1. Anyone know which of Pro50, Pro73, Pro118 comes out most mobile in the 10 Å Cα GNM of the chain?
2. What angle, in degrees between 0 and 90 and rounded to the nearest 10, separates the Cα long axis of helix 122-137 from the longest principal axis of the Cα atoms of the chain?
3. Nearest 20 debye, what's the magnitude of the dipole of the stretch 12-137 about its Cα centre given +1 on Lys and Arg Cβ and -1 on Asp and Glu Cβ?
4. How high is the relative contact order of the chain, in percent, with contacts defined as C-alpha pairs under 8 Å that are six or more residues apart?
5. Would you please name the GluC sites (Glu not before Pro) within the stretch 20-83 that are DSSP coil residues with at most 13 other C-beta atoms within 10 Å of their C-beta?
6. Which order results if Val60, Val25, Val36, Val120 are arranged by neighbouring Cβ count within 10 Å, fewest first?
7. Apply the Karplus curve 6.51 cos²θ - 1.76 cosθ + 1.60, θ = phi - 60°, to the phi angles in the stretch 109-116 and return the couplings in whole Hz, x for Gly and Pro.
8. Could you give each residue of the stretch 41-58 its phi-based ³J(HN,Hα) in whole Hz, using Karplus coefficients 6.51, -1.76, 1.60 with θ = phi - 60°, and x for Gly or Pro?
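What follows is calculated from the coordinates using simple rules that are stated; it is not laboratory data. Predicted, not measured: the structure shown is a model, and the values here were computed from it. All Cβ positions, glycine included, derive from the backbone under ideal geometry; neighbour counts span all protein chains shown.
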Amino acid sequence: MTCPLCRTEGENILWQDEHCRIIRVEDADYAGYCRVIWTEHMAEMTDLDPAGRDLIMRRVFALEGAMRECFRPAKINVASLGNMVPHLHWHVIARFEDDAHFPDPIWAARRRAPADQPQVDDDTLCRALGIWIGRMDD
């Protein structure tokens, strides 16, 4: 099986190191939709050693902090599903009360037409993310 998360071609990478990368997902309805992807192919959090589990969660928390700062959402959704692609990754999604699915998950049926969301450029999000990663790694 070819894993789409093992390949980085075409991804909008906001940050990366040897262990994981943070990407912004192209989604017309959700400008604040990102993923934290573990570099090595493995399926579950318990496949990581304690240091790896701590590291990926620090990245998830840093991304959440940066997205809250940049997007000012009503809520941040954080999910690790991997049912379709069994490669360890976390979805981090800025949610707004007038988005197409709120208060349901973004994978549910639409409740309404999508509303305009705050537009945050990648450079701004990357700068905030770098600051938050620094805070989490201190």
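1. Pro50
2. 50
3. Numbers: 15 positive and 21 negative charges, 67 e Å.
Once rounded to the nearest 20, the dipole reads 320 debye.
4. Result for the chain is 26 percent.
5. Details: sites: Glu26, Glu40, Glu44, Glu64, Glu69; in loops: Glu26, Glu40, Glu44.
Here the sparse-neighbourhood loop sites are Glu26, Glu40, Glu44.
6. Fewest-to-most Cβ neighbours within 10 Å comes out as Val25, Val120, Val60, Val36.
7. In residue order, the calculated couplings are 5, 4, 9, 7, 5, x, 8, 5 Hz.
8. 6, 8, 9, 10, 4, 6, 6, 7, 6, x, 5, x, 4, 5, 5, 5, 6, 4
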